[in-house]
Amino acid sequence: MKLNLVMIVKNEERSLRRCLKAAKPLVDQVIIADTGSSDRTAEIARSMGAVVVNFPWVHDFSAARNFALEQSDGDWNLVLDADEYLRPCSRKNLEKALRSRSGVWLGGITRYDSYRDGEIISQSTSVLPRVLPRGVRYEGIIHEQPEGNHPCYSLPLAADHDGYLVEDKGERNLLYLEEAVRLHPDDGYYQFQMASTLRNLKRLEESLLYFRNFYRMAEPASGYRAGGVVLYLYTLLDVGAEECLDEAARIVEREERVLGDFPDFCFVCGLFYMKRVLSDVERHMALLPNIEKCYLKCLSLGERPWMGGVVGTGSFKAAYNLGAWYEVSGQMEMAKQYYRDAAKAGYGPAKARLRTI
């Protein structure tokens, strides 16, 4: 079995060496398509043993990916970006997983995205189809995806991603997404990516139009739907208008049976019930017990990285929010217990809270 690493890059001297160093023990050959670097990217790649080919940028990420894939003779192609760093994994275990299934299928890697969350760094996970069998190509000018409806199965591969800490590409991506939405107005995936990008750019009211389109268009079994629903709810809560809380209430009621085993959904539901009660205490007092129930459900589910979502919603973040709930409701011993649980996981806000109560 031949496994190649296939990448597209542009001005990646900050992270490329670390990326290649982590991946090299797993792959037979490294093939890099450079789309116009003006720094030491190509020099670093060649010094690490990579084959570097030039590809003039044509404003189409799939075109660049597919050009790079065409240079590979691998039975399988591992696709990474330069700011993604594989965690240790044995080649033997990876080959065993790749040989375990027949037919055409895609291998998923679990990516841990670091991002700024106020004054702390948080992480979220997603399972991405990044190990492709020979012949599979990409489609889409932005947020490109493998062609076809091939199933994706998780592999024993995980990667850390730090790109969100360094550069916000939202404004750049927005131009491509506007074109993608224009070309594919009924594609729920592009509606979701447009909504997510606008949200990240703090254009919350604008993003809601695309979240509503996504929610209407996304296939129930699509891999991005659950996370999209959660992000939709967060956006409605962030806008906070009464009509947005009414909209969130309808979504929560509709999705509880569908997403009830997803820690991120239960976590945002806890936030929703808290905000709903505070918006009109007399009217919504009956919802008060749901806050505690949601966070207890998060802890009972535990961390589920294979489902994607924010690290901690099934553990320390839920414990911290429970601590805050018990503190506000005057149950100080319970509050301390859950703050301690969160603090044991290294959660800074919980440590700080314990010092003050």
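Read-outs throughout are calculated quantities, based only on the coordinates presented, and are distinct from any laboratory measurement. Note that the structure is predicted; figures quoted are calculated from it, not measured. Using ideal geometry, Cβ is built from the backbone for each residue, glycine included, and neighbour counts are taken over all protein chains shown.
Sorted by average packing, counted as other Cβ atoms within 10 angstrom per residue and highest first, what order do 289-297, 50-58, 316-324, 244-252 take? Write out the running numbers ahead of the final one.
Numbers: 289-297: 19.0, 50-58: 14.6, 316-324: 24.2, 244-252: 17.1.
Sorting 289-297, 50-58, 316-324, 244-252 by mean packing, highest first, produces 316-324, 289-297, 244-252, 50-58.
Our note on the geometry: Cα centres of the stretch 195-225 and the stretch 91-112, 30 Å apart.
Global dimensions of the stretch 212-357 from alpha-carbon coordinates: Rg and Dmax equal 15.6, 48 Å.
Per residue, the convex hull spanned by the alpha carbons of the stretch 17-56 comes to 59 Å³. Indicate, rounded to the nearest 5 percent, the antiparallel portion of the DSSP beta bridges found entirely in the chain. So the antiparallel bridges amount to about 50 percent of the total. The alpha-carbon atoms of the stretch 154-293 define a convex hull whose volume equals 143 cubic angstrom per residue.
Note on K2: lysines with a C-alpha under 16 Å away, same-chain residues under 8 apart excluded, are K24, K92, K96. The charge dipole of the stretch 128-216, taken about the Cα centre with unit charges on the Cβ atoms of Lys, Arg (+1) and Asp, Glu (-1), comes to about 180 debye, rounded to the nearest 20. With a simple spin-label model that places each label point 7 Å from the Cα along the Cα-to-Cβ direction, the separation between S102 and V239 comes to 5.1 nm.
Based on the mean of other beta carbon atoms within 10 Å per residue, what is the order of 304-313, 327-336, most packed first?
My ranking of the peptides, most packed first, is 304-313, 327-336.
Could you tell me the ratio Rg/Rh of the stretch 300-357? Both radii from Cα atoms, Rh via Kirkwood.
On the way: Rg = 11.6 Å, Rh = 11.4 Å.
Here Rg/Rh amounts to 1.01.
Legend: Rg and Dmax of the stretch 28-128, from Cα coordinates, 16.3, 47 Å.
Summary value for the chain: 11 percent relative contact order, contacts being C-alpha pairs under 8 angstrom separated by 6+ residues. Here, P(r) means the percent of Cα pairs in each 10 Å bin from 0 to the largest distance; for the stretch 219-266 it is 27, 55, 17, 0. Its Cα gyration tensor gives the chain an equivalent ellipsoid; the semi-axes, largest first and in whole Å, are 39, 23, 19.
Taking the square roots of five times each eigenvalue of the Cα gyration tensor of the stretch 51-193, the equivalent ellipsoid has semi-axes of 25, 22, 16 Å, listed largest first.
Only the Cβ atoms of Lys and Arg (+1) and of Asp and Glu (-1) were treated as charged; on that basis the dipole of the stretch 1-138 about its Cα centre amounts to roughly 620 debye. Considering only A64, N11, S114, the residue lying farthest towards the positive end of the dipole of the stretch 1-153 is S114, judged by Cα position with unit charges set on Cβ. Rounded to the nearest 20 debye, the dipole size of the chain about its Cα centre is 1340 debye, using +1 on the Cβ of Lys and Arg and -1 on the Cβ of Asp and Glu. Remark on the stretch 106-158: Rg and Dmax equal 13.9, 45 Å (Cα only). Straight Cα distances below 22 angstrom link K351 to the lysines K317, K336, with same-chain residues fewer than 8 positions distant left out.
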